[in-house]
Structures are given as C-alpha cells and as structure tokens.
Amino acid sequence: MTVRAVVVAPSNVLSTPARKVLDYDDSVLQKVRDLIDTMVESPGCVGLASVQLGLSDQIFVVDVSKHKKTDICHGLIVAINPVIIHQSDPHKVREGCLSVPDFTGSILRYGEISIKAFDVTGCEFTISTNAFEAQAIQHEIDHLNGKVFLDRVLDVADVYPRKRYL
Ligand SMILES: [Zn+2]
C-alpha cells in the first residue's frame, strides 16, 4: 500500500490541466493504486484526482459508497481521460477538498451527468449518475482541468471557513 501526500493549493500542478493518458501500461496501474490507497486512508475522502498527488495524468478515482448523501452509487470508479457527455439540473451545493483544507464553498453543480472514460485496460465505458456521486465526479474532472472548487465560487459570501474535519 502506498499512501502519498496530497498537494495543497496554491500549486502549479493543481492549476495546470492534466495530460491525456496515451499508454495503458504498468505505470498507469501503479498511479491508480496510489490514488485508491490514498483515498481510502484519507478520512471522509470520496474522490481523488491524479494532480492532487502531483501527477499530471488524466486519472481520477471516486467512491461514494460510504457516504450518506448517496443516491445512485457505482462503488469504486476508476476513470482515465474522462469527458462529460451530458449534464443537466444545475443547482447550488456545498463542497470541500483535501487540497483546500481550510474552506468549503457553495457552487453550482449539475444534478445529473453522463461521462465517457477509459478503464485501466484502455476499454471505454460510460456512467450516468446523479446527486452526490455526480457532484464528486464533476469535482474530480475539474481537478483534471486545472480547477479547484474555489475557482467556481461566484461570490465571496459563498466561501466558509471549515469548522469540522471528518
Ligand atoms: Zn478536490
């Protein structure tokens, strides 16, 4: 098991779009393992993007199965080169991030999304989901595009100091 340190903002790797994965080799598998190990060992963590481990590859992992806000749940999702192909039902949600440890913020997220991505063997798959799982996936895809949730805050009144550490 390899638990890696999570990069905290501001940081170049967090604000730079990640590179597409071109070769589905053992190094990709190792990065996926590190992402999963670090997510599992971080309390309250429901998703992690490669850039948060200082890796500039388009890979994220999400697992909301232990979270009480879940509606649809696909269990552990490993997504490489993900693209959102459908989004609807925008509404305001509260969000936090391991890379922004001192704040939470209210931002717009889509309540329903579909994504297209590749698994560790390079096979394409699609997932349609809603509610908290959809929010978590949008959060991780933002990371791969060089954004953290604070970049989506429209008003400073929508940023809150974090009181509770899970
Ligand atoms: Zn995050």
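Derivation of every value follows stated rules applied to the coordinates shown; laboratory data play no part. Being a predicted model, the structure only gives us computed values, none of them experimental. Here the Cβ is made from the backbone with ideal geometry for all residues, glycine too, and neighbour counts use every protein chain on show.
Tabulated data for the structure shown
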item: Volume of the Cα convex hull of region 33-94, divided per residue and given in Å³; result: 121
item: Under 21 Å, Cα to Cα: Lys pairs in region 1-154, sequence gap 8 or more or different chains; result: 9
item: Computed over region 1-58: relative contact order in percent, which uses C-alpha pairs under 8 Å that are six or more apart; result: 54
item: Prolate/oblate/rounded label for region 1-76 (Cα gyration tensor, a/c 1.5); result: prolate
item: Residue-averaged 222 nm ellipticity for the chain, from DSSP H runs of 4+ at -39500 (n - 2.57), nearest 500; result: -6000 deg cm²/dmol
item: P(r) histogram, all alpha-carbon pairs of the chain included - 5 Å bins from 0, percent; result: 1, 9, 18, 23, 23, 16, 6, 2, 0, 0
item: In region 86-166, chymotrypsin sites (Phe, Trp or Tyr not before Pro) in a DSSP loop with at most 16 other beta-carbon atoms within 10 Å; result: Tyr165
item: Rough spin-label spacing in nm, given labels placed 7 Å along Cα→Cβ, for Ser42 and Thr2; result: 1.6
item: Length-normalised contact order of the chain in % [C-alpha pairs under 8 Å, at least 6 apart]; result: 25
item: Largest-first principal axis extents of the Cα set of region 92-166 (Å); result: 42, 23, 21
item: Full-stretch length increase - Ser114, Lys69 - with 0.36 nm per residue and alpha-carbon distance subtracted; result: 14.3 nm
